[in-house]
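Below you'll find the structure, written out as structure tokens, and then a few comments.
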Amino acid sequence: MRSRSRSFLVALVAIALVAASGCKKNANGSGDSGFPPQDDAGSWDGGNGPAPGTFLAPCLLDSDCESGHCAMNRLLDDGGLGGRCTKECTTNADCPSAHPWNCGDLSNGVRTCTCTPTALKETCDDTDDDCDGIADDGAQCPGLETCQTGACTCPPANACQAAGGGQDCVDLQTSELHCGTCQNACADSETCAKGKCVCPGEVCHGACIDQRYDNLNCSDCDKPCAAGEECVDSHCQPVDPEWTAWAPTGQMSFSSQGSSVLDNNTGLVWAGSLSDNVETFDQAVTTCALSSADGHHDWRLPTRAELLSLVDYTRFHPAIDTDAFRDGCSIDPTTGATTNCFAGLEWTSTPLATTHTQLLADGGEGDGGAPGGDGEADAGAPDAGSPAVTDNRWAVDFTDGSTRAYPVADRFMVRCVRR
């Protein structure tokens, strides 16, 4: 009987030791208890985060922290809260300087640094939205802009005066409006590659033509498509009349469908929010194709006509109904009013159809007198060893509702649609 009791006690001790070992493993970041995984150095966040137990390190219990204080101020992917180690303080100067950190109220005889998180990802607003101790770290800005002191700012090397006033933030190596230098616009149907205006297709009667999408020169010069047809991938095919079958009422009207927005005029269903980041055209196509928003799997990138149907020309910055589309808006908790909404370029699936017949200034096959060009015929195509000239796709600027085609390597926001 005594032998059995001794064996039972040994078994209980063994079980306790295994359980303690498992808890320790979870607390060190196995991910089973909400901790980020650690690297070999005992840190987390890809080796950039604090060591376990130190200020701002993940925690579940006060005993996980060297200070003895674990604050639940870390947003998790599922919307719940995780903990971060905090520290005792006397004044706000003892805490991170980023808003909204402060030295909290007295509790149990001590004051600790506190912060209330507002988002999983930082936005460029000079605020520590995720309470990791650093304001705006990793904040995304549209296009080539970078986050500087709480505002998205265009680097001086990319800033050009826009034709209608204001500023364009562009890559001078690819911008068709500012190719090589500011205000050096490429001619119709030309594109900008390595800072030079070049013709991406063929030259018909002195004009730069993309024969894949030109209704007058489809696959070859002087080979027009018939009435009711359009040139797509060098083939004439019937025009899709679906989008022209809309019956607009003259007044925009939207309804909520889960997290999506139904346009009551066109019957199109729009994703209720934009992409998290700016994306290239190919990335934008993939983003929509892989979306399963509201349980649907037929999301796609909209055509130019479809996206333009959202433009409200009675509004500016953004030119869209912000009651229906609150992308990136700040919302007043009392009145529900929206401010500081996103206004910028969004991709469409529509390619640039080069039906223009404007002749190059000197009749040449090269940059042919395009502003800033050298007029030499050998500039009509990329030189040997240069990258292939990219296709262009239309984008809509919801600052004012304007639209223009851009190289597919440019990065804009994405708004998916389904029918």
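Name the residues in the range 72-100 that are in contact with a Gly (Cβ under 6 Å, 6 or more places away or on another chain) and touching a residue at least 24 places away in the same chain (Cβ under 8 Å), would you? Residues satisfying the conditions are ARG74, LEU76, GLY82, PRO96. How many of the residues making up the range 184-199 are crowded, with 23+ Cβ neighbours inside 10 Å and assigned to a loop (DSSP other than H, G, I, E, B)? The qualifying residues number 4. THR322 meets each of the listed conditions (1) modelled with pLDDT of 80 or more; (2) closer than 22 Å to GLN283 by Cβ apart from (2). Taking the stated definitions as given, is SER330 at pLDDT 85 or above and surrounded by fewer than 17 Cβ atoms within 10 Å (Cβ to Cβ)? So SER330 fails the test. Apart from one condition, GLY368 fits all of (1) at pLDDT 65 or above; (2) surrounded by 17 or more Cβ atoms within 10 Å (Cβ to Cβ); (3) in contact with a helix residue (DSSP H, G or I) (Cβ under 9 Å, 6 or more places away or on another chain); the exception is (1). ASP276 meets all of the listed conditions (1) under 15 Å from the mean Cα position of the chain (by Cα); (2) modelled with pLDDT of 90 or more but one, namely (2).
Listed residues GLY344, GLY363; which is modelled with pLDDT under 70 and more than 28 Å from GLU230 (Cβ to Cβ)?
Among GLY344, GLY363, only GLY363 is modelled with pLDDT under 70 and more than 28 Å from GLU230 (Cβ to Cβ).
Of all residues in the range 285-302, which are in contact with a Phe, Trp or Tyr (Cβ under 9 Å, 6 or more places away or on another chain) and outside any loop (DSSP other than H, G, I, E, B)? VAL285, THR287, CYS288, ALA289, ALA293, listed by residue number. If you check GLU190, GLU176, GLU145 for being more than 30 Å from CYS341 (Cα to Cα), among the acidic types (Asp, Glu) and either out of contact with any Asp or Glu (no Cβ under 6 Å at 6 or more places or on another chain) or not assigned by TED's automatic domain parsing to the domain that holds CYS95 (or both), only one passes: GLU190.
So, in the range 301-347, of the ones that are in contact with a helix residue (DSSP H, G or I) (Cβ under 8 Å, 6 or more places away or on another chain) and of a type outside the set (Gly, Ala, Ser), which residue ends up nearest to THR118 (Cα to Cα)? Only one residue fits best here, namely GLU346.
The set of residues in the range 48-63 that are outside any loop (DSSP other than H, G, I, E, B) and surrounded by fewer than 19 Cβ atoms within 10 Å (Cβ to Cβ) comprises ASP62, SER63.
Anything in the range 65-81 that is farther than 20 Å from CYS103 by Cα and crowded, with 20+ Cβ neighbours inside 10 Å? List them, or say none. Within the range 65-81, none qualify. ARG84 fulfils the conditions (1) over 30 Å from ALA343 (Cβ atoms); (2) surrounded by fewer than 19 Cβ atoms within 10 Å (Cβ to Cβ) except for a single criterion, (2). Based on this model, can you work out whether GLY143 counts as surrounded by 17 or more Cβ atoms within 10 Å (Cβ to Cβ), of a type outside the set (A, V, I, L, M) and in contact with a Pro (Cβ under 6 Å, 6 or more places away or on another chain)? It is false that GLY143 is surrounded by 17 or more Cβ atoms within 10 Å (Cβ to Cβ), of a type outside the set (A, V, I, L, M) and in contact with a Pro (Cβ under 6 Å, 6 or more places away or on another chain). Using the structure shown, decide if THR149 is within 18 Å of the chain's Cα centre (by Cα), more than 26 Å from MET72 (Cα to Cα) and not acidic (Asp, Glu). Spelling it out, it is not the case that THR149 is within 18 Å of the chain's Cα centre (by Cα), more than 26 Å from MET72 (Cα to Cα) and not acidic (Asp, Glu).
The values are calculated or read from the model by the stated rules, or taken from the named source; none is laboratory data. Small disclaimer: the values here were computed from a predicted structure and weren't measured. Positions of Cβ are generated from backbone atoms using ideal geometry, with glycine treated the same way; all protein chains shown enter the neighbour counts.
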